[in-house]
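Peer 1: The structure that follows is given in the form of structure tokens.
The values are calculated or read from the model by the stated rules, or taken from the named source; none is laboratory data. Keep in mind it's a predicted model, so treat the numbers as computed, not measured. For neighbour counting, all protein chains shown are included, and Cβ atoms are generated from backbone atoms with ideal geometry for every residue, glycine included. These accessible areas exclude ligands, DNA and RNA; they are computed on the full protein's heavy atoms, side chains included. Shrake-Rupley method; radii C 1.70, N 1.55, O 1.52, S 1.80 Å.
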Amino acid sequence: MLRAVQITDTHLYADPGRQYYDVNTDETLKRVLARIAAEEGNADLVLLTGDLVHDESEQGYARLRGYLEKLDLPVYCLPGNHDDGGLMRRVMSGGRLSCEGWVCRNGWQIILLDSTVPGEVGGRVGEAELRRLDACLRARPGLHALVCLHHPPQPSGCAWLDEGLILDNPDELFAVVEAHANARAMLWGHIHQAFDREYRGLRLMGSPSTMLQFKPGAAEFAIDDADPGYRWLHLHEDGRVESGIVRVGEAAAPAYNMGP
Ligand SMILES: [Fe+2]
């Protein structure tokens, strides 16, 4: 079995004291990481699915890297619309961190796609990424596959997101995925809320942010009072996917040991 933890939409700033609405994004991330350190110690790897830094700052990535290194797990990153992809790849690579977009372990391959479009909030999986995905799935028919990206290829249920701010070409993405019998699941960020659905034999999952949550089903932008969280995934050797969300409220927060 491959045990993975998904952390998404961390939205750190250059200034660790800055807030998104009334949320200090460093504080909520550290709270989530403390819970992961306490409860997911047997995880094989961590997946970061975009919007790692809110203001494209090197300081934000550097602090994120420091926080993640305390987990002492392999970390695989892909960019979201708020990220500077080049800066992310430079700071979040090396040691136990990777932005290479692919990992293979325990009978599974995980393909991490870049769905960002420069200057746009919405996303698109471009030709090169579609070809890379197709090649990965074709090259290893004996491995189950999990496909990760930032933007949802299905409506979130929030009209303000679904009208132009999600993935622009879901049909092209699904056409590649469905051409191969080994793809089992897709996983994304961006929506700051939980999503879990079966669709044409695939398990589709979206996840809460480590900071502020968007209100499910809202027609216009609205903040939800749900706690920050993360997703765990157990990817079994027979292709089964078990997964769930863990929310981390303020009261239950152990301190995140940042070391000396
Ligand atoms: Fe986000």
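Peer 1: If you average the sequence gap of Cα pairs under 8 Å that are 6 or more apart and divide by the length of the chain, what percent do you get for the contact order? Write out the running numbers ahead of the final one.
Peer 2: Numbers: 609 pairs, mean separation 56.6, N = 260.
Reported relative contact order: 22 percent.
Peer 1: Given axes a ≥ b ≥ c from the Cα gyration tensor, I'd like to know whether the stretch 2-245 is rounded (a/c under 1.5), prolate (a/b larger than b/c) or oblate. Could you put the intermediate results ahead of the total?
Peer 2: Details: a/c = 1.44, a/b = 1.21, b/c = 1.19.
It is rounded, given that a/c, with a ≥ b ≥ c, falls under 1.5.
Peer 1: Separate question: How large is the accessible surface of residue 221 in square angstrom, using a 1.4 angstrom probe and rounding to the nearest 10?
Peer 2: 80 Å²
Peer 1: Hey, another quick one. Accessible surface of residue 1 in the full protein assembly, 1.4 angstrom probe, to the nearest 10 Å²?
Peer 2: Counting only protein heavy atoms, the figure is 60 Å².
Peer 1: If you don't mind, there's one more thing I want to ask. Between residue 234 and residue 70, with labels modelled 7 Å along Cα→Cβ, what's the label distance in nm to one decimal, could you check?
Peer 2: Taking the two extended label points, one gets 2.8 nm.
Peer 1: For 199, 21, give the ranking by accessible area with the largest first, probe 1.4 Å. Before the final figure, lay out the partial values.
Peer 2: On the way: 199 55, 21 135 Å².
From most accessible down to least: 21, 199.
Peer 1: Counting every Cα pair in the stretch 1-75, what percent are over 14 Å apart? Write out the running numbers ahead of the final one.
Peer 2: On the way: 1635 of 2775 pairs.
Above the 14 Å cut-off, the stretch 1-75 has 59 percent of its Cα pairs.
Peer 1: Could you check the spin-label model distance between residue 224 and residue 179? Points 7 Å from the Cα along Cα→Cβ, value in nm.
Peer 2: Taking the two extended label points, one gets 3.5 nm.
Peer 1: Per 0.36 nm of contour for each residue apart, how much would the distance between residue 55 and residue 197 grow if the chain were fully extended, relative to their Cα-Cα spacing? Mind dumping the intermediate values first?
Peer 2: Numbers: separation 142, 0.36 × 142 = 51.12 nm, distance 3.18 nm.
In short, 47.9 nm is gained.
Peer 1: Between residue 1 and residue 120, what FRET efficiency follows from the Cβ-Cβ distance if R0 is 35 Å, with the result rounded to 0.05? Mind showing how you got there, number by number?
Peer 2: Values: r = 37 Å, r/R0 = 1.07.
The value I calculate is 0.40.
Peer 1: In nanometres, what is the gap between the two model label sites at residue 24 and residue 160, each 7 Å from Cα along Cα-to-Cβ?
Peer 2: The modelled label-to-label distance comes out at 2.6 nm.
Peer 1: Residue 104 to residue 247: extension gain in nm, 0.36 nm per residue of separation minus the Cα-Cα distance?
Peer 2: On the way: separation 143, 0.36 × 143 = 51.48 nm, distance 2.80 nm.
Computed gain between residue 104 and residue 247 is 48.7 nm.
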